[in-house]
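The values are calculated or read from the model by the stated rules, or taken from the named source; none is laboratory data. Small disclaimer: the values here were computed from a predicted structure and weren't measured. Reconstructed Cβ throughout: ideal geometry from the backbone, glycine too, with neighbour counts over all protein chains shown. We work out accessible area using only protein heavy atoms, side chains counted, and drop any ligands, DNA or RNA first. Shrake-Rupley method; radii C 1.70, N 1.55, O 1.52, S 1.80 Å.
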Amino acid sequence: MSTDPVAAPPSDLVVGDDGLARPVWASTDALLRDYYDTEWGMPVRDERGVFERLSLEAFQSGLSWRTILAKRPAFRAAFADFDADTVAGFGEDDVARLMADAGIVRNRAKILATITNANATVALREDGGLAEFVWSFRPETTPEPHSYAEVPTKSDESVALSKALRKRGFAFVGPTTMYALMEALGIVDTHLVGSHRRGTSGVWN
(Lines give C-alpha, C1' and ligand atoms only; values in the text may rest on other atoms or scores of the structure.)
Protein backbone atom coordinates (compact mmCIF):
# COMPACT_ATOMS: atom_id res chain seq x y z
CA MET A 1 0.00 0.00 0.00
CA SER A 2 1.04 3.58 -0.57
CA THR A 3 2.41 5.44 2.41
CA ASP A 4 0.77 8.65 1.18
CA PRO A 5 -2.65 8.86 2.91
CA VAL A 6 -3.92 11.82 0.92
CA ALA A 7 -3.38 11.70 -2.82
CA ALA A 8 -2.57 9.30 -5.60
CA PRO A 9 0.78 9.56 -7.36
CA PRO A 10 0.75 12.24 -10.08
CA SER A 11 1.18 9.56 -12.73
CA ASP A 12 -2.16 7.98 -11.82
CA LEU A 13 -4.27 11.13 -11.36
CA VAL A 14 -4.48 14.12 -13.66
CA VAL A 15 -5.94 17.49 -12.67
CA GLY A 16 -8.06 18.75 -15.54
CA ASP A 17 -8.61 22.28 -16.78
CA ASP A 18 -11.66 22.38 -14.50
CA GLY A 19 -9.45 21.75 -11.48
CA LEU A 20 -10.82 18.24 -10.89
CA ALA A 21 -8.57 15.21 -10.44
CA ARG A 22 -9.30 12.16 -12.55
CA PRO A 23 -7.44 8.95 -13.42
CA VAL A 24 -5.37 9.03 -16.58
CA TRP A 25 -7.86 6.89 -18.51
CA ALA A 26 -10.60 9.47 -17.96
CA SER A 27 -8.52 12.61 -18.30
CA THR A 28 -8.48 13.37 -22.03
CA ASP A 29 -11.06 11.43 -24.07
CA ALA A 30 -14.39 13.30 -23.88
CA LEU A 31 -16.52 10.14 -23.95
CA LEU A 32 -14.58 8.43 -21.16
CA ARG A 33 -14.36 11.63 -19.14
CA ASP A 34 -18.12 12.15 -19.21
CA TYR A 35 -18.72 8.49 -18.34
CA TYR A 36 -16.32 8.76 -15.41
CA ASP A 37 -17.78 12.04 -14.16
CA THR A 38 -21.44 11.11 -14.36
CA GLU A 39 -21.94 7.36 -14.42
CA TRP A 40 -19.16 4.97 -13.47
CA GLY A 41 -19.52 3.83 -9.88
CA MET A 42 -22.91 5.43 -9.31
CA PRO A 43 -25.52 3.05 -7.87
CA VAL A 44 -27.60 1.07 -10.36
CA ARG A 45 -30.39 -0.90 -8.70
CA ASP A 46 -32.93 -1.64 -11.43
CA GLU A 47 -33.15 -4.84 -13.45
CA ARG A 48 -32.70 -3.25 -16.86
CA GLY A 49 -29.72 -1.21 -15.73
CA VAL A 50 -27.96 -4.16 -14.12
CA PHE A 51 -28.73 -6.46 -17.06
CA GLU A 52 -27.35 -3.90 -19.50
CA ARG A 53 -24.12 -3.46 -17.58
CA LEU A 54 -23.70 -7.20 -17.07
CA SER A 55 -24.15 -7.67 -20.82
CA LEU A 56 -21.75 -4.90 -21.80
CA GLU A 57 -19.10 -6.10 -19.36
CA ALA A 58 -19.30 -9.51 -21.05
CA PHE A 59 -18.96 -7.94 -24.50
CA GLN A 60 -16.01 -5.89 -23.25
CA SER A 61 -13.96 -8.99 -22.45
CA GLY A 62 -10.82 -8.78 -24.58
CA LEU A 63 -11.64 -5.28 -25.81
CA SER A 64 -11.30 -1.74 -24.50
CA TRP A 65 -14.13 -0.17 -22.55
CA ARG A 66 -13.86 2.84 -24.88
CA THR A 67 -14.89 0.59 -27.76
CA ILE A 68 -17.95 -0.71 -25.89
CA LEU A 69 -18.98 2.72 -24.65
CA ALA A 70 -18.89 4.15 -28.16
CA LYS A 71 -21.08 1.29 -29.35
CA ARG A 72 -23.52 1.45 -26.46
CA PRO A 73 -26.29 3.27 -28.39
CA ALA A 74 -26.09 0.57 -31.07
CA PHE A 75 -26.12 -2.17 -28.42
CA ARG A 76 -29.22 -0.64 -26.86
CA ALA A 77 -30.98 -0.52 -30.22
CA ALA A 78 -29.94 -4.07 -31.11
CA PHE A 79 -30.95 -5.57 -27.75
CA ALA A 80 -34.30 -3.80 -27.25
CA ASP A 81 -32.83 -1.39 -24.69
CA PHE A 82 -31.83 -4.47 -22.69
CA ASP A 83 -35.38 -5.40 -21.78
CA ALA A 84 -34.86 -8.90 -20.40
CA ASP A 85 -38.26 -10.22 -21.47
CA THR A 86 -37.72 -9.16 -25.07
CA VAL A 87 -34.14 -10.42 -25.30
CA ALA A 88 -35.13 -13.73 -23.69
CA GLY A 89 -37.44 -14.27 -26.66
CA PHE A 90 -34.72 -13.76 -29.28
CA GLY A 91 -34.37 -16.65 -31.72
CA GLU A 92 -32.06 -17.62 -34.57
CA ASP A 93 -33.36 -14.83 -36.79
CA ASP A 94 -32.37 -12.33 -34.11
CA VAL A 95 -28.94 -13.93 -33.73
CA ALA A 96 -28.44 -13.63 -37.50
CA ARG A 97 -29.57 -9.99 -37.35
CA LEU A 98 -27.14 -9.25 -34.53
CA MET A 99 -24.27 -11.02 -36.28
CA ALA A 100 -24.87 -8.73 -39.27
CA ASP A 101 -25.01 -5.56 -37.16
CA ALA A 102 -21.72 -3.69 -37.62
CA GLY A 103 -22.69 -1.29 -34.85
CA ILE A 104 -22.11 -3.87 -32.12
CA VAL A 105 -19.47 -6.48 -31.32
CA ARG A 106 -20.35 -9.39 -33.58
CA ASN A 107 -19.28 -12.26 -31.37
CA ARG A 108 -21.71 -15.18 -31.59
CA ALA A 109 -20.76 -16.65 -28.21
CA LYS A 110 -21.32 -13.32 -26.46
CA ILE A 111 -24.59 -12.71 -28.30
CA LEU A 112 -25.87 -16.13 -27.29
CA ALA A 113 -24.69 -15.52 -23.72
CA THR A 114 -26.70 -12.30 -23.60
CA ILE A 115 -29.84 -14.18 -24.63
CA THR A 116 -29.05 -16.91 -22.10
CA ASN A 117 -28.57 -14.27 -19.41
CA ALA A 118 -31.85 -12.58 -20.29
CA ASN A 119 -33.65 -15.87 -19.67
CA ALA A 120 -31.75 -16.32 -16.40
CA THR A 121 -32.66 -12.75 -15.41
CA VAL A 122 -36.34 -13.44 -15.96
CA ALA A 123 -36.12 -16.64 -13.93
CA LEU A 124 -34.33 -14.85 -11.09
CA ARG A 125 -37.37 -12.64 -10.47
CA GLU A 126 -38.84 -15.46 -8.41
CA ASP A 127 -36.07 -14.83 -5.87
CA GLY A 128 -36.07 -11.06 -5.73
CA GLY A 129 -34.58 -10.23 -9.10
CA LEU A 130 -31.17 -9.67 -10.66
CA ALA A 131 -30.40 -6.30 -9.07
CA GLU A 132 -31.15 -7.47 -5.53
CA PHE A 133 -29.20 -10.67 -6.15
CA VAL A 134 -26.07 -8.89 -7.39
CA TRP A 135 -26.19 -6.25 -4.67
CA SER A 136 -26.41 -8.97 -2.01
CA PHE A 137 -22.71 -9.60 -2.67
CA ARG A 138 -21.68 -6.14 -1.52
CA PRO A 139 -18.63 -6.50 0.75
CA GLU A 140 -18.33 -5.03 4.23
CA THR A 141 -15.56 -2.67 3.12
CA THR A 142 -14.42 -1.11 -0.13
CA PRO A 143 -10.85 -0.72 -1.38
CA GLU A 144 -9.08 2.61 -0.91
CA PRO A 145 -6.56 2.57 -3.78
CA HIS A 146 -4.00 5.34 -4.15
CA SER A 147 -2.72 3.98 -7.47
CA TYR A 148 -3.78 1.68 -10.28
CA ALA A 149 -1.52 -1.00 -8.83
CA GLU A 150 -3.70 -1.08 -5.71
CA VAL A 151 -7.00 -1.55 -7.57
CA PRO A 152 -8.11 -5.20 -7.31
CA THR A 153 -9.18 -7.13 -10.39
CA LYS A 154 -11.32 -9.55 -8.41
CA SER A 155 -12.33 -10.25 -4.83
CA ASP A 156 -13.80 -13.01 -2.67
CA GLU A 157 -17.20 -11.45 -3.31
CA SER A 158 -16.78 -11.33 -7.08
CA VAL A 159 -15.69 -14.98 -7.07
CA ALA A 160 -18.75 -15.87 -5.00
CA LEU A 161 -21.03 -13.79 -7.27
CA SER A 162 -19.58 -15.47 -10.33
CA LYS A 163 -20.25 -18.93 -8.92
CA ALA A 164 -23.76 -17.99 -7.80
CA LEU A 165 -24.70 -16.54 -11.18
CA ARG A 166 -23.32 -19.57 -13.03
CA LYS A 167 -25.43 -21.77 -10.78
CA ARG A 168 -28.43 -19.69 -11.81
CA GLY A 169 -27.68 -20.28 -15.50
CA PHE A 170 -25.73 -17.15 -16.40
CA ALA A 171 -22.77 -17.20 -18.81
CA PHE A 172 -19.72 -14.96 -19.32
CA VAL A 173 -19.76 -14.02 -15.64
CA GLY A 174 -16.19 -14.76 -14.55
CA PRO A 175 -14.79 -13.30 -11.30
CA THR A 176 -12.85 -10.51 -13.05
CA THR A 177 -15.85 -9.52 -15.17
CA MET A 178 -18.04 -9.56 -12.07
CA TYR A 179 -15.61 -7.33 -10.20
CA ALA A 180 -15.74 -4.85 -13.07
CA LEU A 181 -19.53 -5.04 -12.84
CA MET A 182 -19.42 -4.36 -9.10
CA GLU A 183 -17.23 -1.31 -9.76
CA ALA A 184 -19.57 -0.02 -12.46
CA LEU A 185 -22.68 -0.47 -10.30
CA GLY A 186 -21.20 1.22 -7.24
CA ILE A 187 -21.13 -1.96 -5.17
CA VAL A 188 -17.46 -1.23 -4.54
CA ASP A 189 -15.75 2.16 -4.83
CA THR A 190 -12.38 1.89 -6.57
CA HIS A 191 -12.04 5.56 -7.46
CA LEU A 192 -8.51 6.52 -6.56
CA VAL A 193 -8.09 8.42 -3.33
CA GLY A 194 -7.72 12.03 -4.43
CA SER A 195 -10.12 11.73 -7.38
CA HIS A 196 -13.05 14.11 -7.37
CA ARG A 197 -15.38 11.12 -7.66
CA ARG A 198 -14.08 9.25 -4.63
CA GLY A 199 -16.92 8.63 -2.18
CA THR A 200 -19.59 10.39 -4.26
CA SER A 201 -21.84 7.37 -4.81
CA GLY A 202 -23.48 7.59 -1.41
CA VAL A 203 -22.94 3.87 -0.91
CA TRP A 204 -19.72 4.24 1.06
CA ASN A 205 -18.97 6.92 3.63
- Where q = 0.15, 0.17, 0.30, 0.32 Å⁻¹, what log10 of I(q)/I(0) comes from the Debye formula for region 164-205, counting one point per Cα? -0.46, -0.55, -1.02, -1.09
- Query: Per the 1.4 Å probe, what fraction of the accessible area of the chain, in percent, lies on carbon and sulfur atoms?
  - Reply: 53 percent
- Item | Whole-percent pair-distance distribution, where bins are 10 Å wide, for the alpha carbons of region 1-121 | 12, 37, 26, 16, 8, 1
- Query: Points 7 angstrom from Cα along the Cβ direction at Arg45 and Arg97: gap in nanometres?
  - Reply: 3.4 nm
- Measure of exposure for Arg138: accessible area at 1.4 Å probe, Å² rounded to 10, is 100 Å²
- Message: Tell me the net charge near Arg198. Cut-off is 9 Å between Cβ atoms, Arg198 excluded, with +1 for each Lys or Arg and -1 for each Asp or Glu.
- Response: -1
- Task: At 1.4 Å probe size, with no ligands or nucleic acids counted, give the accessible surface of Ser55 in Å², nearest ten.
- Result: 0 Å²
- Under the Kirkwood approximation for Rh and a Cα-based Rg, what ratio Rg/Rh is obtained for the chain? 0.98
- Note on the structure: Other residues with Cβ under 10 Å from the Cβ of Leu32 give, with Lys and Arg +1 and Asp and Glu -1, a net charge of 0
- Run the numbers on the chain and let me know its relative contact order in percent, using alpha-carbon pairs under 8 Å that are six or more apart. 30 percent
- Query: Largest first, how would Thr153, Thr114, Thr142, Thr67 line up by accessible area (1.4 Å probe)?
  - Reply: Thr153, Thr67, Thr142, Thr114
- Item | Trp204 - accessible surface, heavy atoms, 1.4 Å probe, Å² rounded to 10 | 30 Å²
